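Worksheet: one structure, shown below.
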Protein chains: 2
Amino acid sequence: MVALMTDTPFTARNDIDEPIEETRRFAPKFSADGLIPAAATDAAGGQLLMLAYMNEEALAKTIKTGEAWYWSRSRGALWRKGETSGNVQKVVEIRTDCDQDAIELVVKQTGPACHTNRRACFYRIVERDGVLRFAD
Amino acid sequence: MVALMTDTPFTARNDIDEPIEETRRFAPKFSADGLIPAAATDAAGGQLLMLAYMNEEALAKTIKTGEAWYWSRSRGALWRKGETSGNVQKVVEIRTDCDQDAIELVVKQTGPACHTNRRACFYRIVERDGVLRFAD
């Protein structure tokens, strides 16, 4: 169980007395490791750009600043998307799913979303034999 | 480290001798809990439908059968999407991302993707004050 920060606009799960799917209270469920997955989609067209993770602080900062913040599992650090590359994500909408255990960030993406300089991270297709084919 | 099943079309990570972003070998990275997140997107239009998890077996079955299989964390069981509801996902493409630690399933969705009978799971928008607004 992750204790909620006091200055975040989240509701604790045990304060929800209606089905989590229908409540208007935002009570995101972080995993045991304190993270929630966040899929960034393109505000222009809806394409899935990338999938990353947020901890409570990253989510709170994203809500507060209107720019995407994530938690880098490899670096063990908060990460403002585009802070070194300049390829920031301006958040148009933050959505949560039925179970409130995933986030969709609808973003206006500056430049490519992927660190390989491709528009989106999902540029390879898995063939049935386990060979990857590069799309477009 | 998760040992790979012998009958799956995956390559072990340590057999990859080129950057993971550019290889044609499929070497998905499962988390310490043996899971990889999978975002299902609509083959017609690209909308993000749902986000769930796969273990190695679910991913192998998805590749083999052309239908989406997931791992239910709450039930601790393999789960063929739509097995009770009939709302199956026919897989048009399986994609992986730059780091090969996430999956995109491009699917032809029968019926609604969400268990609440909505088309997609991300039907609520997070407002800055932590109140959720129902979209459409």
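The values are calculated or read from the model by the stated rules, or taken from the named source; none is laboratory data. Being a predicted model, the structure only gives us computed values, none of them experimental. Note: ideal-geometry Cβ built from the backbone for every residue, glycine included; neighbour counts use all protein chains shown. All accessible areas refer to the heavy atoms of the entire protein, side chains included, with ligands and DNA or RNA removed. Shrake-Rupley method; radii C 1.70, N 1.55, O 1.52, S 1.80 Å.
Residues that are within 10 Å of another protein chain (Cβ to nearest Cβ), out of contact with any Cys (no Cβ under 6 Å at 6 or more places or on another chain) and part of a loop (DSSP other than H, G, I, E, B) were ranked within the stretch A:84-100; the one that is most open to solvent (accessible area, probe 1.4 Å) is A:99. The residue of the stretch A:107-134 that is modelled with the lowest pLDDT, among those that are open to solvent by less than 70 Å² (accessible area, probe 1.4 Å) and on the phi > 0 side of the Ramachandran plot, is A:130. Criterion applied to A:66, A:76 was being at positive phi, open to solvent by 30 Å² or more (accessible area, probe 1.4 Å) and of a type outside the set (Asp, Glu), and the one residue passing it is A:76.
Here the condition is being free of Cβ contacts under 8 Å to residues at least 40 places away in the same chain and in contact with a strand residue (DSSP E or B) (Cβ under 8 Å, 6 or more places away or on another chain); of B:29, B:61, it holds for B:61 alone. Of the residues making up the stretch B:6-39, those that are more than 10 Å from every other protein chain (Cβ to nearest Cβ) and of a type in the set (Gly, Ala, Ser) are B:12, B:34.
So which residues in the stretch A:104-136 are in a strand (DSSP E or B), at the interface with chain B (Cβ under 8 Å from one of its Cβ atoms) and β-branched (Val, Ile, Thr)? A:125, A:126, A:131 - these are the residues of the stretch A:104-136 that are in a strand (DSSP E or B), at the interface with chain B (Cβ under 8 Å from one of its Cβ atoms) and β-branched (Val, Ile, Thr). Tell me yes or no: at least one residue of the stretch B:63-71 is at pLDDT 95 or above, under 21 Å from residue A:120 (Cα atoms), in a strand (DSSP E or B) and within 13 Å of the chain's Cα centre (by Cα). Within the stretch B:63-71 (the criterion being at pLDDT 95 or above, under 21 Å from residue A:120 (Cα atoms), in a strand (DSSP E or B) and within 13 Å of the chain's Cα centre (by Cα)), the answer is no, since none of the residues qualifies.
Among the residues of the stretch A:42-60, those that are open to solvent by 70 Å² or more (accessible area, probe 1.4 Å) and more than 21 Å from residue B:103 (Cα to Cα) comprise A:44, A:57. Within the stretch B:17-26, being surrounded by fewer than 18 Cβ atoms within 10 Å (Cβ to Cβ) and either touching a residue at least 40 places away in the same chain (Cβ under 8 Å) or touching a strand residue (DSSP E or B) at 6+ places or on another chain (Cβ under 6 Å) (or both) holds for B:20, B:21, B:24. Just one of (1) surrounded by 24 or more Cβ atoms within 10 Å (Cβ to Cβ); (2) closer than 22 Å to residue A:130 by Cβ fails for residue B:37. It is (1).
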